[in-house]
């Protein structure tokens, strides 16, 4: 059977393969430096397209290749739904292809090069922002997250969040492309200046930040049971590890998400055991509860247990699509028969709120507790910091994806959230990776997948009222990017409506087939 002409174009397959290249910049491959040039092959394929339409299609294929590769580990959860996800989200990158072609297809003038350095990163950030809406799956695999190992680069995140890091990385890629393909000296000089600025702005911002000085500290123990046969064994292992912490100077003990399947409000035996552990360790326990409640609904809660009993509770508000609920279940419910998609929807909480504890000296210790998937959302950690959190705690469970790249990439997000908020971040995971970061995103300690035990770390807390620029300004970067993208789109529409505009479109070349 002969393939349709639209599927017999090798440049499109090459674009899809080029979309996979940036995924190597994330853990576990860990080639963060590659991010600064990883987009160049894909952008070049878009630039060389014979028509704007073909460039748009190549951008689409590039985006689909990126999503398929970056989220391959979702196959157990959504099965063939991943292909549909890649097609839908990949379409957003078609706008990148159009922008690259319109601004960088020869001949390139200094004015068009300058516009490309502004518009292409803006379009990229806009597409990331759109697919980051929690109803569409959330902000996984943002390009800016590739720089999690470099606190100096994350100086950008303290001003504009992960979005500003993404914008800088894309601008550098566009600059490199112009350097490689531009023929005029002014154009290449402009590109060189842009690449230099993209590389140096983060470190310069980091250097101007006031170095964290002496502050109050909190000693936190992260309990990682490791692989266990079932929930009862998981709870028993968590209790055993926690009991061994008795006698150490601790301010908080954190368990992972779903560390117990008991409804602690209705299970006095399990609660009594946790209260005894809080007494023995001298520290409150933050337990992950995944249980059916009295109303018959299942929810995931972070529960703070002290010797006196339950003092605070936070219910997860942003659920994992397909993993914890199936969007449009009457239409997509069939996926539960061919994958591990949620057989029953979890119940979300009503809203975020701080948890209030005290340290071993009796001083207030307000902190933000977020559950697993919620660590991907910059706005939730920002709200926690703005509400007065002195540290941010994530509870995680990624055992379904234990042998994939997902646990390490998930753990890396703590560095972004720390740099954005100026708060130390810890994550306790059932089977790894449990991690701790300081207020500028430096990794302090980690316990990888396959390990078990308690990871204990002393964290310098954020000073009360301390603010980064990102806390003050919020998501100004994606909103600015959206404004630039809309302005560019309006300009493209005016161009298309101009008399004779259709005559400027080049005919497809043989090389594009």
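Values in this text are rule-based calculations from the coordinates and carry no lab data. Quick caveat: nothing in here was measured; it's all calculated off a predicted structure. Methodologically, a virtual Cβ is constructed for each residue, glycine included, from the backbone with ideal geometry; neighbour enumeration extends over all protein chains shown.
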_Rounded to whole Å, give me the distance from the Cα center of the stretch 367-397 to that of the stretch 200-275._
14 Å
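What per residue convex hull volume, in Å³, comes out for the chain when only alpha-carbon positions are used? All intermediate terms of the calculation are to be shown ahead of the outcome.
Working: hull volume 77.5 nm³, N = 513.
With only Cα atoms used, the chain gives 151 Å³ per residue.
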*Note down the nm distance, to one decimal, between modelled labels 7 Å out along Cα→Cβ at residue 400 and at residue 227.*
1.8 nm
*What is the spin-label model distance, in nm, from residue 149 to residue 193 if the labels are put 7 Å beyond Cα along the C-beta direction?*
3.3 nm
*Determine, for 477, 108, the number of other Cβ atoms within 10 Å of each Cβ, and report the residues in order from fewest to most.*
108, 477
_Tell me the volume per residue, in Å³, of the convex hull enclosing the alpha carbons of the stretch 160-301._
203 Å³
*Exposure proxy order (Cβ contacts within 10 Å, fewest to most) of 317, 241, 392*: 317, 241, 392
*Please report, largest first and rounded to whole Å, the three semi-axes of the ellipsoid equivalent to the stretch 83-203, where each semi-axis is the square root of five times an eigenvalue of the C-alpha gyration tensor.*
26, 20, 9
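According to the Cα gyration tensor, what semi-axes, each the square root of 5 times an eigenvalue, does the equivalent ellipsoid of the stretch 283-327 have, listed from largest to smallest in whole Å? Intermediate results must be reported in sequence, preceding the final value.
On the way: eigenvalues 118, 28, 10 Å².
Rounded to whole Å, the semi-axes are 24, 12, 7.
Per DSSP H run of at least 4 residues, take -39500 (n - 2.57); add these up for the chain, divide by its residues and hand me the 222 nm value, nearest 500 deg cm²/dmol.
Working: 16 runs with 219 residues, N = 513.
Helix contribution divided over all residues of the chain: -13500 deg cm²/dmol.
Could you give the alpha-carbon Rg of the stretch 4-56 over 2.2 N^0.38 Å, rounded to two decimals? Intermediate results must be reported in sequence, preceding the final value.
On the way: Rg = 13.0 Å, N = 53, 2.2 N^0.38 = 9.9 Å.
Taking the Cα Rg and dividing by 2.2 N^0.38 Å, one obtains 1.30.
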*Can you check how the C-alpha radius of gyration of the stretch 355-513 compares to 2.2 N^0.38 Å, as a plain ratio?*
1.50
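Mind pulling up the Rg/Rh value for the stretch 350-432? Radius of gyration and Kirkwood radius, both on Cα. Kindly include the intermediate steps, with their values, before the conclusion.
Details: Rg = 13.2 Å, Rh = 13.2 Å.
Using only Cα positions, Rg/Rh for the stretch 350-432 is 1.00.
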_Rounded Å value of the spacing that divides the Cα centres of the stretch 47-101 and the stretch 287-305_ = 38 Å
*According to the Kirkwood expression over distinct Cα-Cα pairs, how big is the hydrodynamic radius of the stretch 1-142, in Å?*
15.5 Å
*asked:* If I model a spin label as a point 7 Å beyond the Cα along the Cα-Cβ vector, how far apart are those points for residue 350 and residue 444 in nm?
replied: 3.4 nm
